[in-house]
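Engineer: The structure follows.
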Amino acid sequence: MSNLITVNRFGKVLIWVWNRCIKKTAIPYEELDFHYPDWAFIITGCIFFGVVVGVTLLYFAFIKQ
């Protein structure tokens, strides 16, 4: 259960950074729940962690032989 909470929080931070830096939209962190559903945070966090794990595995499988 704590992994899902961590993924949810990290996804929320990623969406907040995206809105602040890329889209230049001023949405406070506390109000993200009103603009996006919870599944968006979970999917964003899972995709990010999947990319990080995938790149790490590829690095150790092919480059670090």
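Engineer: Pick out, in residue order, every one of the trypsin sites (Lys or Arg not before Pro) in the chain that is DSSP loop and has at most 11 other C-beta atoms within 10 Å; say none if there are none.
Structural biologist: In loop regions of the chain (DSSP not H, G, I, E or B), the sparsely surrounded trypsin sites (Lys or Arg not before Pro) are Lys23, Lys24, Lys64.
Engineer: Over segment 11-65, what is the relative contact order in whole percent, taking alpha-carbon pairs under 8 Å and six or more residues apart?
Structural biologist: Normalised by residue count, the contact order of segment 11-65 is 40 percent.
Engineer: Residue by residue, what Karplus-based ³J(HN,Hα) values in Hz, rounded to whole numbers, does segment 13-27 have, using 6.51, -1.76 and 1.60 with θ = phi - 60° and x for Gly and Pro?
Structural biologist: 5, 4, 5, 5, 5, 4, 5, 6, 9, 8, 7, 6, 9, 8, 10
Engineer: For Ile47 and Arg20 in one chain, what is 0.36 nm times their gap in residues minus the Cα-Cα distance, to one decimal in nm?
Structural biologist: Here the answer is 7.7 nm.
Engineer: Let me ask something else about it. Give the accessible surface of the chain per residue, rounded to a whole number of Å², with probe radius 1.4 Å and ligands, DNA and RNA excluded.
Structural biologist: Normalised by residue count, the accessible surface of the chain is 80 Å².
Engineer: Once neighbouring chains are kept in place and the probe is 1.4 Å, which whole percent of the accessible area of the chain is contributed by carbon and sulfur?
Structural biologist: Carbon and sulfur together cover 70 percent of it.
Engineer: Would you please calculate the Kirkwood hydrodynamic radius of the chain over all C-alpha pairs and express it in Å, rounded to one decimal?
Structural biologist: The Cα-based Kirkwood calculation yields 13.0 Å.
The values are calculated or read from the model by the stated rules, or taken from the named source; none is laboratory data. If you're wondering where the values come from, they're calculated on a predicted model, not measured in any experiment. Quick reminder, even Gly has a Cβ in these numbers, built from the backbone with ideal geometry, and neighbours come from all protein chains shown. Accessible surface areas use protein heavy atoms only, side chains included; no ligands, DNA or RNA. Shrake-Rupley method; radii C 1.70, N 1.55, O 1.52, S 1.80 Å.
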